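So the structure is just underneath, and the comments pick up after that.
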Amino acid sequence: MADAPITQDVMTIPRKLPDGPQNLVGLTRAAMRDALIAAGTPEKQAKMRVGQIWQWIYQWGVRDFEAMTNLSKAYRAELAEKFVIEVPEVVTRQVSTDGTRKYLVRIAGGHEVEVVYIPETDRGTLCISSQVGCTLTCSFCHTGTQKLVRNLTPAEIIGQVMVARDDLGEWPEQGAPKNEVRLLSNIVLMGMGEPLYNFEGVRDAMKIAMDPEGIQLSRRRITLSTSGVVPEIARTAQEIGCQLAVSFHATTDEVRDKLVPINKRWNIEALLDALRAYPKASNSERITFEYVMLKGVNDTDEDARRLVKLIEGIPAKINLIPFNEWPGAPYERSSNNRIRAFADIIYKAGYATPIRTPRGEDIMAACGQLKSATERARKSRKQIEAELGR
Ligand code: SAH
Ligand code: SF4
């Protein structure tokens, strides 16, 4: 584990810069209505205007008010003066030999986050980030070693979906038939950051992703992964209603305290209590238990049996993740035989146990490897300096 000091200060930048034009991306419908009224749109028209602008932005992918042809020329000009339609800037785009795409995007303040697109035969999943870095310090996770942390705004979160659709060329042509299978059909909040430490930002962005008049993803196609922020789990069920994945990773508090330190605050029992209530409260299906396979740490047959016992009664699927290594990581990946034996015990107990195939390994796009390139560069510069004896 890196010796980097851990900062707990999460900055949230204001949604509106003091004097600049306001970004319409990321506003809820209610907030957009208020913003339009404040900018002079008559109250009576505001709801209809929100509907029109919303469709241009989220259904057609338009970024220029001039293209909003069902609004009068004068109104378009007014909007252009007071508002912008802004998404994060794509700094680099890497494509893996397996088709996985990784984008590094820049957001306000010069921060950078990573976004990963994973194509599969029957779906395409976008793995998005909710924070720059992460305040938590799971000992096997590269993101957890990043010092700088701030919450992403809803615009920056939904903006990741919008730039991916730009790159995939997936905004519909007006009048063209709808594609049966969408290139970007699923979202997982499994990139950088702990989504439940940025609850409102994530909620507002996912509401936009689910809105029937825009990107239109069903809540069943959105999965939020949490390390176990127990008090926010019930709220996720009520206010977002998406699928839930939990970074479980250990079967005793002693080991989980080390791997997922938030366990010291909310232990396995407290976490399981919250999870038991989730499917009913959210009207969702199974909970995904993520379990990273670390050689000699959490991968024995006994662990597998304990895991089955712990989750008894919870509709679940267990996703085994072979550990993805990163420079300086303090763990090793369990052997394939070990992973298979572990999976077998769980499978025989009646649970689906997909073993997650690492995707985009050649571009460091696999789970837990995300860390902003500038942070990485900074580190290697430090290493170079150390080698030069400075
Ligand atoms: N912060 C959230 C979501 C991001 S991480 C969470 O922790 O759930 C997405 C998944 O990748 C989590 O289950 C996380 O524990 C796992 N992960 C992190 N580092 C990893 C690594 N190096 N190898 C494999 N999985 C890792
Ligand atoms: Fe944060 Fe998740 Fe990484 Fe833990 S695993 S440090 S919660 S991003």
How far apart, in nm, are the 7 Å Cα→Cβ label points at residue 300 and residue 69?
-> 6.9
Where labels lie 7 Å past Cα in the beta-carbon direction, separation of residue 77 and residue 55 in nm | 2.5
Note, ³J(HN,Hα) from phi for region 224-238, Karplus 6.51, -1.76, 1.60, rounded to Hz, x at Gly and Pro = 9, 9, 10, 7, x, 7, 3, x, 8, 6, 5, 5, 4, 4, 6
Please give the calculated 222 nm ellipticity per residue for the chain, where each DSSP H segment of at least 4 residues contributes -39500 (n - 2.57) and the sum is spread over every residue; nearest 500 deg cm²/dmol?
-> -10000 deg cm²/dmol
From the backbone phi of region 295-305, what are the Karplus-calculated ³J(HN,Hα) couplings (6.51 cos²θ - 1.76 cosθ + 1.60, θ = phi - 60°) in whole Hz, Gly and Pro given as x?
-> 4, x, 10, 9, 10, 7, 4, 4, 4, 4, 5
Probe 1.4 Å - accessible area at residue 285, Å² to nearest ten = 100
Cα-projected label distance for residue 252 with residue 200, points at 7 Å along beta-carbon direction, nm = 4.2
Residues with amide H under 5 Å of residue 292's amide H, sequence separation 5 or more or different chain, H placed in the peptide plane at 1.01 Å from N; which?
-> 249, 321
Can you tell me the dipole magnitude for region 222-277 around its Cα centre, using point charges on the Cβ only (Lys, Arg +1; Asp, Glu -1), in Debye to the nearest 20?
-> 80
The chain: angle of helix 373-387 to the longest principal axis, Cα-based, in degrees nearest 10 = 50
So what J values fall out for region 208-220 if you push phi through Karplus, 6.51 cos²θ - 1.76 cosθ + 1.60 with θ = phi - 60°, rounded to Hz, Gly and Pro as x?
-> 5, 4, 8, 4, x, 9, x, 6, 6, 8, 5, 5, 6
Post the alpha-carbon centroid distance, region 87-108 to region 246-297, in whole angstrom.
-> 30
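Taking only the Cα atoms of the chain, how large is their convex hull per residue, in Å³? Each step should come with its number before you reach the end.
Details: hull volume 61.5 nm³, N = 390.
Hull volume normalised by residue count: 158 Å³.
Charges at C-beta only: +1 for Lys and Arg, -1 for Asp and Glu. How large is the resulting dipole of the chain about its Cα centre, in Debye rounded to 20? Walk me through the intermediate numbers first.
On the way: 52 positive and 49 negative charges, 65 e Å.
So the magnitude is around 320 debye.
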Sequence-distant residues sharing a close amide H with residue 287 (under 5 Å, placed H) = 316, 317
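The values are calculated or read from the model by the stated rules, or taken from the named source; none is laboratory data. Small disclaimer: the values here were computed from a predicted structure and weren't measured. Every residue, glycine as well, gets a Cβ built from its backbone with ideal geometry; the counts of neighbours run over all protein chains shown. For the accessible areas, the whole protein counts, side chains as well, though only heavy atoms, and no ligand, DNA or RNA atoms are used. Shrake-Rupley method; radii C 1.70, N 1.55, O 1.52, S 1.80 Å.
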